[in-house]
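Structure first, then comments.
Values in this text are rule-based calculations from the coordinates and carry no lab data. As the structure is a computational prediction, the values presented were derived from the model and not from experiment. Glycine gets a Cβ as well: all are built from the backbone with ideal geometry, and neighbour counts include every protein chain shown.
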Amino acid sequence: MSQIQAFLRLIRLPNLLIIALLQYAVRYGIIYPVLKKNDFHLALSDLDFFLIVLVTVMIAAAGYIINDYFDLKADRINKPNRIVIDKYIKRRVAMGAHIVINFLAIVIAVYESYKVGMVQLFLLFALSAGLLWYYSISFKRQILIGNIVIAFLAAMVPFTAGVYELLALKNDAYYQIHDYIFKYTTDTDKVTYDEMSTIMYHNIMMFWKWVFALSFFAFLTTFIRELVKDIEDMEGDEKVGCRTFPVVYGVKKSKQLLTFLIFLLFISIILYVRYLLGQHNIISVGYIVAAILIPLGIFYLKLSSAREKQDFSKLSNLAKFIILAGVLYPYVFAFHLLYLM
């Protein structure tokens, strides 16, 4: 394996692509189609949004590096064939890469936060980098704390994209509303600034609901996957002193907790499907049933019969598929809104 291939494995390139895809889903699957329907446009430039996505991906990559750095002992038991640090990349090189990537990401974050008029926003990324560090050295070894931290950071991915995009939109709203009035208002059909301002306000409030819903989905599905991975890695975690939920309470209790989380996720999705049926959005309903609800049902059935490590490995991959399906859903919503309404 070449150094480049080893580094790409170390930073989990497929996972980073999913993170980027999720943030672009917020922009082009939620915010853009609704704005376009109301003759408004995105306020953040393509380059600025790309840089925000890049920062998110860099923070995540640095987190994967530092996690593997501190997890070598357990990985030699749980995943001996997937070790990169000390095998293909030296420990000091890995630590150096972690520091440099985080530093560059924070610098870019400060610049982008300044551009949207709220420089303190970069603290979101600084907090994420700090949580990933403490996750690697402490949180992951404590009951559920590590799972909650990773799930929270997953929820922050769509939230961060929404914050920057919507702040830029808020700053640009005055000019967009006046442009709209200038282009579309006639002597016989007058639109006031207050009327358009109300429409823009309702759009922004709707965007926030979507972003929070996507963040909630990311939180729950990531929590579920992390708990499954903890069951899969029980042997190594126990030997190195990690007090994960499966190590402390066993597989049976872990399955019960997973059942509760699956039920919570299932009910949340059903409530959303009910809303979509009221909107006559059959395409979205079909996609959610086929790509999310049915796989979630299969996940539950396989969880009940899972016994061996390889069973939980397959469940982890199925959970990743469900996450990816959720990430892609906003594009389905955008297609319905732009071309079928």
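Top mean-square fluctuation among LEU127, LEU21, LEU324, Gaussian network model of the chain, C-alpha springs under 10 Å?
LEU127
Say we join alpha carbon atoms closer than 10 Å with springs in a Gaussian network model of the chain; which of PRO330, PRO14, PRO246 then has the biggest fluctuation?
In this elastic network of the chain, the residue with the biggest mean-square fluctuation among PRO330, PRO14, PRO246 is PRO14.
Kindly identify segment 53-182 as rounded, prolate or oblate by the Cα gyration tensor criterion: order the square roots of the eigenvalues as a ≥ b ≥ c, call it rounded if a/c is under 1.5, otherwise compare a/b with b/c, prolate if a/b is larger, else oblate.
Prolate.
Listing TYR24, TYR114 from the residue with the fewest other Cβ atoms within 10 Å to the one with the most, what is the order? Spell out each step's value before the answer.
Values: TYR24 18, TYR114 13.
Ascending number of Cβ neighbours within 10 Å: TYR114, TYR24.
Under a point spin-label approximation (7 Å from Cα along Cα-to-Cβ), what is the ILE4-MET206 distance to one decimal in nm?
Going from the ILE4 label point to the MET206 one covers 4.5 nm.
Sort PHE260, PHE266 so the one with the fewest other Cβ atoms within 10 Å of its own Cβ comes first.
Values: PHE260 10, PHE266 16.
Going from sparsest to densest Cβ surroundings: PHE260, PHE266.
When the helix-only estimate is applied to the chain (DSSP H runs of n ≥ 4, each -39,500 (n - 2.57), divided by the residue count), what is the mean residue ellipticity at 222 nm, nearest 500 deg cm²/dmol?
My calculation for the chain gives -27000 deg cm²/dmol from helical runs alone.
Among THR192, THR221, which comes first, second and so on when ranked by fewest other beta-carbon atoms within 10 Å?
THR192, THR221
Nearest 10 degrees is fine. How inclined is helix 245-278 to the longest principal axis of the chain, computing both from alpha carbons?
In the chain, helix 245-278 runs at an angle near 20 degrees to the longest axis.
Assuming a ≥ b ≥ c are the square roots of the Cα gyration tensor eigenvalues, decide whether the chain counts as rounded (a/c under 1.5), prolate (otherwise, with a/b larger than b/c) or oblate.
Oblate, since a/c reaches 1.5 and b/c is not below a/b.
Rounded, prolate or oblate: which fits segment 281-341, taking a ≥ b ≥ c as square roots of the Cα gyration tensor eigenvalues, rounded meaning a/c under 1.5, else prolate when a/b beats b/c?
Prolate shape, in that a/c is at least 1.5 and a/b is the bigger ratio.
Length gain on complete extension for the stretch GLN120 to VAL100, per 0.36 nm per residue less the alpha carbon to alpha carbon distance? Can you show the working numbers first?
Working: separation 20, 0.36 × 20 = 7.20 nm, distance 2.12 nm.
Extra length from GLN120 to VAL100 when fully extended: 5.1 nm.
Before anything else, pin down the relative contact order of the chain: Cα pairs under 8 Å, at least 6 apart, normalised by residue count, whole percent. Can you show the working numbers first?
Values: 366 pairs, mean separation 80.9, N = 341.
About 24 percent, as a whole number.
Taking a spot 7 Å from the Cα of HIS41 along the direction of its beta carbon, which residues of segment 195-225 have an amide N less than 15 Å from it?
Answer for segment 195-225: none.
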